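The values are calculated or read from the model by the stated rules, or taken from the named source; none is laboratory data. All values derive from a computational prediction rather than experimental measurement. Positions of Cβ are backbone-derived with ideal geometry, glycine not excepted, and every protein chain shown enters the neighbour counts. Just the protein is used for accessible areas: all its heavy atoms, side chains included, with ligands, DNA and RNA removed. Shrake-Rupley method; radii C 1.70, N 1.55, O 1.52, S 1.80 Å.
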Amino acid sequence: MMIDVQNPATGEHISSIPVFSASDVSAAANRAAEAAKSWEHTAASVRAVKLVNAASLIRSRQDSLAALLTREQGKPLTEAKSEIMGAAHVFEYYASVCGSIRGDAQNLPNYGYLNVIRKPVGVCAAIIPWNMPAIIFAWKVGAALACGNPVLAKPSATAPLTVQALGNTLHEAGIPTDVLQIITGNGGETGRALVDEPLVRHVSFTGSTATGREVGASAGRNLKRVHLELGGNDAFIVTKSADVKRAAAAAVRHRFYNCGQVCTSAKRILVHESCEDTFVAHAKDLIEQIHVGNGLLESKMGPLNNKDQLVFVSNAVDNIVSRDEGTLVTGGERIEGKGYFYRPTLLRDVTPEVVSEEIFGPVMYVIPFRTDDEAIQIANSTKYGLGSSVWTDRLAVAHKYADELKAGVVWVNKHLILPPEMPFGGVGDSGFGRENGMDFIYEYTEAKSILFG
Ligand code: NAD
């Protein structure tokens, strides 16, 4: 069976991908387990060279990879290019830390001499969503390979082609074809088979909270390691000591980037009541200047990636407006035509409770607050906790928020910046486990203790 891949800006057919059945997945896992025997014993320096080669090949192909990403995902070319270059940088990072993946040694009087070595976990599954396929592929695959594991990477059915192209590029760079395999298909059949496959010992999943629960339950039943990066509904908090215009420009940039389809987008914009009018006026101006259109042309914002997303976003906004739970300032409608375009939207004076669920699209909702304690209470009132930001020029205020916000990441006067050196992941319904930083060593290796008498 094959799945059609379409351009969300035009509806044009781009390509088709095969659906891996459970037996295809099992055959791939067997090849990976066999390949693990030599990959595990490949010197860290050799693995590092292959990852650096991969990064240079990706950089040399940035234009074609970015165009492919735009065609299947919808984002503007400039964003696609920065994501591709970001993926190259991630492989360089993992190359640079390959040699740091090591254990420990300790002399224990009366017991002996203890060596703790780090062994690869075995066959890993990397399950990737459609919103940022290149960078999420690089995070998961870079970490697994650096630690000496083979990996089966499954992209989403609506944006699989860039991941396939990156897979081929890594093979050309010297990563053996059985050590990295791209498993295409849908979630219900192929994704499930991958998570259930007994030879897969580690699952790293990025996607929706609902699917994450299912993946976590299956991994639990089969006693395999699991790492879940799920949805977010993060707060972007503009305190009364913030540079309001700078904060408004950043909020617009980080809310409408990738058409609002980023787990750590600035989703709930909490603005001190004293600066709400200035913030809204400035944000409205900037939002109305966003040119929406085909990402391959001169647009600043592309379409949503698929029809389900468009329907979800459109219904969510209609509900808020029709129930008088927020005031529409600009946008609030589909752009007619073939693509899944939605006008960049700003809602103000939104009741915090109505946006407790994530809206994965180009919709900014401004929620006013009176005190820092109230802002923290609103920010922490959802079940999610991925990445929040606070905007202030007062250090004590920054410290208070950084300490009290429930989130895996807190930015101060920044948002959405995720260098590979920084551990990234969520709390609560945003999942558990961390990508990047040096925490990946604990994710992708097992400690083995050897006590010499
Ligand atoms: P999704 O959960 O439907 O799919 C994610 C991936 O899982 C896809 O590759 C899909 O094919 C696969 N999948 C689906 N069902 C599966 C199953 N039963 N078993 C195994 N795999 C399965 O999510 P989506 O619609 O692709 O992505 C959008 C959502 O993901 C948003 O809610 C967003 O917040 C979240 N997301 C989170 C992060 C993060 O880093 N935390 C990043 C991107 C997206």
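Using all C-alpha to C-alpha distances in region 89-186, build P(r) with 5 Å bins and read off the rounded percent in each one.
3, 13, 21, 21, 15, 8, 6, 5, 4, 3, 2, 0
Can you show me the helix-derived [θ] at 222 nm for the chain, built from DSSP H runs with n ≥ 4 at -39,500 (n - 2.57) apiece and divided by the number of residues, rounded to the nearest 500.
Numbers: 14 runs with 178 residues, N = 453.
Helix-only estimate at 222 nm: -12500 deg cm²/dmol.
Modelled label-to-label distance, Thr177 and Arg102, 7 Å Cα→beta-carbon offset: nm?
3.6
Roughly how big is region 235-412's charge dipole about its Cα centre, with Cβ charges of +1 (Lys, Arg) and -1 (Asp, Glu), in debye to the nearest 20?
Around 460 debye, computed over region 235-412.
If each Cα of region 315-453 is one equal point scatterer, what is log10 of I(q)/I(0) from the Debye formula at q = 0.10, 0.12, 0.13 Å⁻¹?
Log-scaled intensity ratios, in q order: -0.48, -0.65, -0.74.
With a 1.4 Å probe and all protein chains kept in place, how much accessible area does Thr78 have, in Å² rounded to the nearest 10?
Roughly 110 Å² of Thr78 is accessible to a 1.4 Å probe.
Need the list of aspartates and glutamates near Lys414 for cross-linking: C-alpha distance under 16 angstrom, and skip anything on the same chain fewer than eight residues off.
Asp234, Asp243, Asp393
Quick one: what do you get for region 235-412 if you divide its Cα Rg by 2.2 N^0.38 Å?
Working: Rg = 15.5 Å, N = 178, 2.2 N^0.38 = 15.8 Å.
For region 235-412, the normalised Cα radius of gyration is 0.99.
Below 8 Å between Cα atoms, with a sequence gap of 6+, how large is the relative contact order for the chain in percent?
Values: 1038 pairs, mean separation 83.7, N = 453.
Here the relative contact order equals 18 percent.
Using a simple charge model, +1 on the beta-carbon of Lys and Arg, -1 on the beta-carbon of Asp and Glu, nothing else, what dipole does the chain show about its Cα centre, in debye to the nearest 20?
On the way: 43 positive and 48 negative charges, 202 e Å.
The dipole magnitude comes to about 960 debye.
What whole number of Å gives the distance from the Cα centroid of region 145-182 to the Cα centroid of region 382-453?
26
Counting only protein chains, not ligands or nucleic acids, how are Lys224, Lys338, Lys300 ordered by accessible area (probe 1.4 Å), most first?
Details: Lys224 15, Lys338 165, Lys300 145 Å².
Largest accessible area first, the residues go Lys338, Lys300, Lys224.
By how many nm would the segment from Ala22 to Arg246 lengthen if fully extended, with 0.36 nm per residue of separation less the alpha-carbon distance? Write down the numbers at each step before the final one.
Working: separation 224, 0.36 × 224 = 80.64 nm, distance 5.11 nm.
Net length gain for the segment: 75.5 nm.
Share of region 235-412's accessible area from carbon and sulfur, percent, 1.4 Å? Mind dumping the intermediate values first?
Details: 3540 of 7530 Å².
Here carbon and sulfur together make up 47 percent of the probe-accessible area.
Are any of the pairs Lys119/Lys267; Lys75/Lys245; Lys140/Lys240; Lys37/Lys224 more than 30 Å apart by Cα-Cα distance, and if so, which? It would help to have the intermediate numbers written out before the result.
Details: Lys119/Lys267 40 Å; Lys75/Lys245 26 Å; Lys140/Lys240 39 Å; Lys37/Lys224 19 Å.
Lys119/Lys267; Lys140/Lys240, as the Cα separations exceed 30 Å there.
Quantify how much of the Cα-Cα distance distribution of the chain extends past 44 Å, in percent. Numbers along the way, then the final one.
Details: 13823 of 102378 pairs.
Distances greater than 44 Å cover 14 percent of the Cα pairs.
Among Val215, Gly112, Thr351, whose Cα sits farthest toward the positive end of the charge dipole of the chain (+1 at Cβ of Lys/Arg, -1 at Cβ of Asp/Glu, about the Cα centre)?
Result: Gly112, furthest along the dipole toward the positive end.
Which of the peptides 102-108, 174-180, 319-325, 137-143 is most tightly packed, and how do the rest follow, judged by the mean count of other Cβ atoms within 10 Å per residue?
Final packing ranking: 137-143, 174-180, 319-325, 102-108.
How would Tyr93, Tyr340, Tyr111 line up by accessible area, probe 1.4 Å, largest first? Show your work: numbers first, answer last.
Numbers: Tyr93 20, Tyr340 50, Tyr111 165 Å².
Listed by decreasing accessible area, they come as Tyr111, Tyr340, Tyr93.
Can you give me the accessible area per residue for the chain, using a 1.4 Å probe, in Å²? Let's see the in-between values first.
Values: 18020 Å² over 453 residues.
Using a 1.4 Å probe on heavy atoms only, each residue of the chain averages 40 Å².
Considering amide H positions built from the backbone, and no H for Pro or chain starts, which residues 5 or more places from Ile14, or on another chain, come under 5 Å of its amide H?
Amide H neighbours of Ile14, under 5 Å, 5+ apart: Val5, Gln6, Asn7.
Putting +1 on Lys and Arg Cβ atoms and -1 on Asp and Glu Cβ atoms, find which of Ser322, Asn305, Cys263 reaches farthest to the positive end of the dipole of region 235-412.
So the residue furthest toward the plus end is Asn305.
List the residues, sorted by chain then number, that are 5 or more residues from Leu418 or on another chain and whose placed amide H is less than 5 Å from its amide H.
HN-HN under 5 Å from Leu418: empty list.
Considering Cα pairs under 8 angstrom that are at least six residues apart, work out the relative contact order of region 1-144 and quote it in whole percent. It would help to have the intermediate numbers written out before the result.
Values: 149 pairs, mean separation 33.3, N = 144.
The normalised contact order for region 1-144 reaches 23 percent.
In whole Hz and in residue order, list the ³J(HN,Hα) couplings for region 198-208 that follow from phi through the Karplus curve 6.51 cos²θ - 1.76 cosθ + 1.60, θ = phi - 60°; x for Gly and Pro.
x, 6, 7, 9, 8, 10, 10, 10, 10, x, 6
For the pair Ile117/Glu40, report the inter-label distance in nm, with labels modelled 7 Å from Cα in the Cβ direction.
Result for the modelled spin labels: 1.0 nm.
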